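One structure is given below, encoded as structure tokens.
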């Protein structure tokens, strides 16, 4: 099985997007991009932890947008 995009966790006004990707049967990735640039990538073995992390990242990246 190849990587499958499951959900867009968040998107911000500056073009930052976080996608939840299923990589293998038991592995998920969170990928944060802004345009063609990969800003952050993390691999998880637990879907609940990945979703919780996406919520935390949304707050972190949201603060960066307001500061900029």
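The values are calculated or read from the model by the stated rules, or taken from the named source; none is laboratory data. Model, not experiment: these values are computed from the prediction. No Cβ is skipped: glycine too gets one built from the backbone with ideal geometry, and neighbour counts run over all protein chains shown.
Hey, among the residues in the stretch 1-17 that are over 16 Å from residue 48 (Cβ atoms) and in contact with a helix residue (DSSP H, G or I) (Cβ under 7 Å, 6 or more places away or on another chain), which one's surrounded by the fewest Cβ atoms within 10 Å (Cβ to Cβ)? The residue in question is 13. Could you tell me whether the stretch 32-39 includes any residue that is surrounded by 14 or more Cβ atoms within 10 Å (Cβ to Cβ), touching a residue at least 24 places away in the same chain (Cβ under 8 Å) and part of a helix (DSSP H, G or I)? Scanning the stretch 32-39 turns up no residue that is surrounded by 14 or more Cβ atoms within 10 Å (Cβ to Cβ), touching a residue at least 24 places away in the same chain (Cβ under 8 Å) and part of a helix (DSSP H, G or I). Does residue 54 count as in a helix (DSSP H, G or I) and either in contact (Cβ under 8 Å) with a residue 60 or more places away in the chain or more than 12 Å from the chain's Cα centre (by Cα) (or both)? The answer is no for residue 54.
Taking the conditions exactly as written (modelled with pLDDT under 95 and either surrounded by 15 or more Cβ atoms within 10 Å (Cβ to Cβ) or over 22 Å from residue 2 (Cα atoms) (or both)), does residue 60 satisfy them or not? Spelling it out, residue 60 is indeed modelled with pLDDT under 95 and either surrounded by 15 or more Cβ atoms within 10 Å (Cβ to Cβ) or over 22 Å from residue 2 (Cα atoms) (or both).
When the stretch 18-29 is examined, which residues are found to be within 16 Å of residue 62 (Cα to Cα) and touching a helix residue (DSSP H, G or I) at 6+ places or on another chain (Cβ under 8 Å)?
Keep residues of the stretch 18-29 that are within 16 Å of residue 62 (Cα to Cα), which gives 18-19.
Hit for the stretch 18-29 is 18, nothing else.
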